[in-house]
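Structure first, then comments.
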Amino acid sequence: MRVDPSFEAFVEGRSTAVNLSRDRIRRLFRRPREAPMPPDPDVLRTVDAGYERVAERRVVVRALAQLPVRQRQVVVLRFFEDLSVEQTAELLGCSAGTVKSYTSRALARLRCLLADDHEPNSLEVPHAHR
């Protein structure tokens, strides 16, 4: 007895439809169930601290970019690279007093920039030398 080729295609198509239906049902049972929102929103978990660090880093980088080049170099070498005043002075080819002066001015400017990050008038520091 010969089987009609269209019948084989019908059977194959039907088994495919059955398998797809089974997969859909399995997927529905694997999906985590949705929970209703709690009545008190304070119960919800807070945002991961890593996100806040990224946001803080962006603010600090933006503030550093507004410093004059030498002040930025001193701050990065002293506080990010953890070099001493003498090491920084030697690397930049200036005196230790100059490094201290630049550090003082840069920190004053950064305090101002970071304290009032959202106020446009906070960018002016009358005693900062450029």
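One table, with the values for the structure above:
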read-out: Tabulated pairs, the range 42-61, first farther than 22 Å from PHE79 by Cα, second modelled with pLDDT under 85, C-beta under 8 angstrom, 6+ apart or interchain; value: LEU44/PRO38
read-out: ALA65 at pLDDT 80 or above and exposed (fewer than 10 other Cβ atoms within 10 Å of the Cβ); value: yes
read-out: Hits in the range 83-119 (condition: exposed (fewer than 15 other Cβ atoms within 10 Å of the Cβ), part of a helix (DSSP H, G or I) and among the hydroxyl-bearing types (Ser, Thr, Tyr)); value: SER104
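The values are calculated or read from the model by the stated rules, or taken from the named source; none is laboratory data. Just so it is clear, the structure is predicted and the values come from calculations on it, not from any experiment. In this analysis, Cβ positions are derived from the backbone assuming ideal geometry, glycine residues included, and neighbour counts consider all displayed protein chains.
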